[in-house]
Amino acid sequence: MHEIILHHYELSPYAEKVRLALGLKGLAWRSVQIPIVMPKPDLIELTGGYRRTPVMQLGADIYCDTKACMRLLQRLQPEPSLFPGGDEATVWGLSRWAETSFMMAVTVFLGAGGVFNEKFIEDRKKMAPQVDFSKAGMVVPAKLLQLRANLDQLERQLADGRAFLLGDAPSLADLSAYHPHRFLTAHPATQTLLDPLKHVPAWMDRVAAIGHGERSELEAKDAIAIARDASPAPIEGEAAPLPDGLAYGDAVVVLPEETGSGVVAGQLVPSPVHEIAIRRRSERAGELVIHFPREDYMTVRTG
Ligand SMILES: N[C@@H](CCC(=O)N[C@@H](CS)C(=O)NCC(=O)O)C(=O)O
């Protein structure tokens, strides 16, 4: 099997979710550091245009978005499971809700200042040109109240003394809820929301203790060489039937519903129902298959 490669940067909360999943499963992995802001030429060489963080690589297969990374990790190593009590739909649903805190926190940091530097803010403005960043300050109180409501929900979920959100064992829900709430320690205004809580801080310490597995660094150019020397893996499982108007083999673009993630063009290849896969050729990395989660991404025919 190819080594698991994570393209990420240290401060990325979403990358922390994946690092913890690697820790939960006790996996060895290679770490490629990517820039926090554009340009990201080595990453884009692999993804074909997707710029968000993190991205996972397994040979010539590239996984964009943490939801695709999580499905991959669960498939590669089913135990310990990201869904220890079953209840997959509950875990995914809880994860999605918990991650609403991420953009709330980002908005508070932009509005209150003191967390992000100018270069970072300029880059994110280009990513979201429809957003008026100068108005972020106006919504800080509202976002703090929304964060307090989310934290209250977590505090009550943990109030019966359970170790993790859904019981004795950590699940994907814990990893998804941990990263945006741990991010709240970055500013006094959001740290203040954590201070009165009893259960959430202790739970965060338990999640942090899961660790990151066995990590070793790799240069981006070596990750690209690994992709070039590999071939995309054959599909695992059954290909999803396609509706009229779309066929495997079509030229498509993958359109992320999250603003500014970047559009990727390629040829639609068979994939299971929870995943989109497109084949593309990269100059430096050769033939690649890029994977996206089905949710939050659309395929649109171009040819
Ligand atoms: N839905 C994406 C969200 C990832 C995301 O927004 N990551 C942030 C960093 S924590 C990001 O990509 N920021 C812009 C960048 O790194 O270029 C996922 O689950 O992977």
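Taken together, the values in this text are just the output of simple stated rules run on the coordinates, not laboratory data. It should be emphasised that the depicted structure is a prediction, and the values quoted were computed from it without experimental measurement. Quick reminder, even Gly has a Cβ in these numbers, built from the backbone with ideal geometry, and neighbours come from all protein chains shown.
General observations
- Failed item, numbered, when I276 is tested on (1) touching a residue at least 40 places away in the same chain (Cβ under 8 Å); (2) closer than 30 Å to T100 by Cα: (1)
- Of everything in segment 160-200 that is touching a strand residue (DSSP E or B) at 6+ places or on another chain (Cβ under 9 Å) and either in a helix (DSSP H, G or I) or aliphatic (A, V, I, L, M) (or both), the residue that is surrounded by the most Cβ atoms within 10 Å (Cβ to Cβ) is D174.
- Criterion (in contact (Cβ under 8 Å) with a residue 40 or more places away in the chain and within 15 Å of the ligand (Cβ to nearest atom)) met by exactly one of L172, L165, L147: L172
- Criterion (hydroxyl-bearing (S, T, Y) and closer than 30 Å to R284 by Cα) met by exactly one of S171, S176, S134, S216: S216
- Candidates M138, M104 - the one that is out of contact with any strand residue (DSSP E or B) (no Cβ under 7 Å at 6 or more places or on another chain), among the aliphatic types (A, V, I, L, M) and within 16 Å of the ligand (Cβ to nearest atom): M104
- Scope segment 287-303; condition crowded, with 16+ Cβ neighbours inside 10 Å and either more than 16 Å from the ligand (Cβ to nearest atom) or farther than 11 Å from V253 by Cβ (or both); matching residues: L288, V289, I290, H291, F292, P293, R294, T299
- Members of segment 21-61 found to be more than 10 Å from the ligand (Cβ to nearest atom), farther than 16 Å from R75 by Cα and of a type outside the set (G, A, S), listed by number: R30, V32, Q33, P39, P41, D42, I44, E45, L46, T47
- Matching residues in segment 62-92 - criterion: being away from the ligand (no atom under 12 Å from the Cβ), closer than 20 Å to A233 by Cβ and not β-branched (V, I, T): L72, L73, Q74, R75, L76, Q77, P78
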